[in-house]
2 protein chains.
Amino acid sequence: MAEPTLAIIAGAGVLPRMLSQALRATGREHLICCPHGLEPELPDNESTEVEEFFFERSISFFRSLEKRGIRQVVMVGKFHRPRSINFMRLEGSTLMAAPRILGSLRRGDDASLRALAEIIEELGLEVVGVEAVAPNLLPEPGLYASRVPSETDRSDVERAAYIVEAISAVDVGQGAVVAGGLCLATESLPGTDAMLEWVAQTRDQPPAGTRSGVLYKAPKLDQDRRMDLPAIGPTTVAKAAAAGLAGIAWEARGALLLDAERTMAEADRLGMFLWARPSLR
Amino acid sequence: MAEPTLAIIAGAGVLPRMLSQALRATGREHLICCPHGLEPELPDNESTEVEEFFFERSISFFRSLEKRGIRQVVMVGKFHRPRSINFMRLEGSTLMAAPRILGSLRRGDDASLRALAEIIEELGLEVVGVEAVAPNLLPEPGLYASRVPSETDRSDVERAAYIVEAISAVDVGQGAVVAGGLCLATESLPGTDAMLEWVAQTRDQPPAGTRSGVLYKAPKLDQDRRMDLPAIGPTTVAKAAAAGLAGIAWEARGALLLDAERTMAEADRLGMFLWARPSLR
């Protein structure tokens, strides 16, 4: 078996597992690296190496990867600011880099990931995106469930797409909910699931048996597409249904479809559309 | 006593009462007109005329105002789409205008108010803003409570101002909450109070006794300033406090300070700043 030349830096959530499965399907060897304190879901087989590392020792960890023959790194899942830094564990080189990372956290999460990617690349590794290693996770334009969006749905999707563009231009969020032309919620720090729960709580629910309104997701306008792409999965479908929405749309090739078969089956079961829409631009 | 030449079209909330009080203080006679189904707070004296009218008969109602000598109309408070239209009550002229109003509701609430204002003006009345009749409700730049915003507060306010500008450019909302550079929430249909309750529910609260983060409010970018200006009042202060925020800022001359004495006293009691900040542009 070939030595892996690719490492997944695994943030929280299902994404590292999905990516690992997709890579295995194409025969690409890889190892998975988990920053201590995050909770990624990991593949349930033993053939893929998993290593934990400490934020406080990131620099020497990435150096060691480079020495072991890793050439490419892909960052997937949710990353958050470490809750505390253990000074006993903190090495000098990481301490030197910390202000760049922590400073950029003030500007929004995309900026901080980009700062981290820069540091990794300075250490001789190439940071690549999901598109480069598992493009099949990023759906092409089209419908991914049986329901077809109505004219009203399409115009809600279009309005939502403009709203997401506006909030993304100020690095705030990657999603919005629009129903009947009215914006019910825009995404901010708490994320998509929290936004959908809020819509379920606050909206005047459409009459029983009917659904209206859409969730739209797209990458931020000047997002570094190598990391933090929006993702749609079974949970998104369930929460959008609980919020009374008619469907989910996203920018084609700009969002990940997770657990694709289950997600599509759930959307069909609940009578919702799934639409990868060509980009606004 | 002079016949009134000014009518307040009263939406829901405290604003019609505040405006009526401010007008009385300057001796300007006026009457208050309430669309049936909204719940404005009304002045507690009997010297000001109050009339209810039906949405279904708006056109003839505005015509009758014009005939009675009303020259100016000011629209304040929250207006929402009527929940149902009573066809028995619907007159032909209002029916003819309804598509313009209801159609524009699809574009966002500012658009619909503007359509309504257009119709009123076609009937020979002038639609004016609060600024024209009670400019003292729109604070000039300055601090309106004892607490002074820190450097961090100021940079949060600036980031929030850019975010509000972005969401307002797509006619979504007039407010945002930012803490430590991170956007915790942006305003959409449910409004400012609902947004602040959401922040109180979802944020990691700052340590007891400390506050951090700001609420910022500003009119929408291309808002018709004759109507639907953002407003800050005692409820805003209480809800911002419950969300752990350090203070409230707004665009100077672009937002109404309601119940000014009580609002300022509450902010002082809770140790929060109130800052009318010069506009970004």
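The values are calculated or read from the model by the stated rules, or taken from the named source; none is laboratory data. Quick caveat: nothing in here was measured; it's all calculated off a predicted structure. Because the Cβ atoms are built from the backbone with ideal geometry, glycine has one as well, and the counts that use them run over all protein chains shown. Accessible surface areas use protein heavy atoms only, side chains included; no ligands, DNA or RNA. Shrake-Rupley method; radii C 1.70, N 1.55, O 1.52, S 1.80 Å.
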Label distances, nm, A:E118 versus same residue in remaining copies, Cβ-directed 7 Å point
4.8
What nm distances, shortest first, do you get from the label point of A:H36 to those in the other copies when the point sits 7 angstrom along Cα to Cβ?
7.0
How far is it, in nm, from the label point at A:L221 to the one at B:H36 when both lie 7 Å from their Cα along the line to the Cβ?
4.6 nm
Using a 10 Å cut-off around each Cβ of peptide B:185-195, what is the average number of partner chain Cβ atoms that fall inside?
6
Say R0 is 41 Å: what FRET efficiency, to the nearest 0.05, do A:R68 and A:A169 get from their beta-carbon distance?
0.55
Give me the lysines in straight-line cross-link reach of B:K220: C-alpha distance below 17 Å, same-chain residues under 8 apart excluded.
B:K78
Net charge near A:I120: determine it from the other residues with C-beta under 11 Å of the C-beta of A:I120, scoring Lys and Arg +1 and Asp and Glu -1.
-2
Using Cα centres only, tell me the gap between region A:164-184 and region A:208-272 in whole Å.
14 Å
Quick one: length gained pulling B:V148 to B:R281 fully straight, 0.36 nm per residue minus the C-alpha distance?
45.6 nm
Of region B:60-79, those with amide N under 15 Å from the point 7 Å along the Cα→Cβ vector of B:E122 are B:60-63
20 °C / 1.002 mPa s Stokes-Einstein diffusion coefficient of region A:154-281, Kirkwood radius on C-alpha pairs, µm²/s:
151 µm²/s
What is the ratio of the Cα radius of gyration of region B:217-281 to 2.2 N^0.38 Å, with N the residue count, to two decimals?
1.12
Theoretical ellipticity at 222 nm over the protein assembly as shown - DSSP helices of four or more residues, -39500 (n - 2.57) apiece, nearest 500:
-11500 deg cm²/dmol
Quick check on chain A: what does the Kirkwood estimate of hydrodynamic radius come out to from the alpha carbon pairs, in Å?
19.7 Å
Hydrodynamic calc, the protein assembly as shown: Kirkwood Rh from Cα pairs, then Stokes-Einstein at 37 °C with viscosity 0.692 mPa s, so D in µm² s⁻¹ is 127 µm²/s
If you count, for every residue in B:178-184, the Cβ atoms of partner chains within 10 Å of its Cβ, what is the mean?
5
Region A:28-36 - phi-based ³J(HN,Hα) in whole Hz, Karplus 6.51/-1.76/1.60, Gly and Pro as x
8, 5, 7, 10, 10, 10, 10, x, 4
Which percent of the accessible area of the protein assembly as shown is formed by carbon and sulfur heavy atoms (probe 1.4 angstrom)?
52 percent
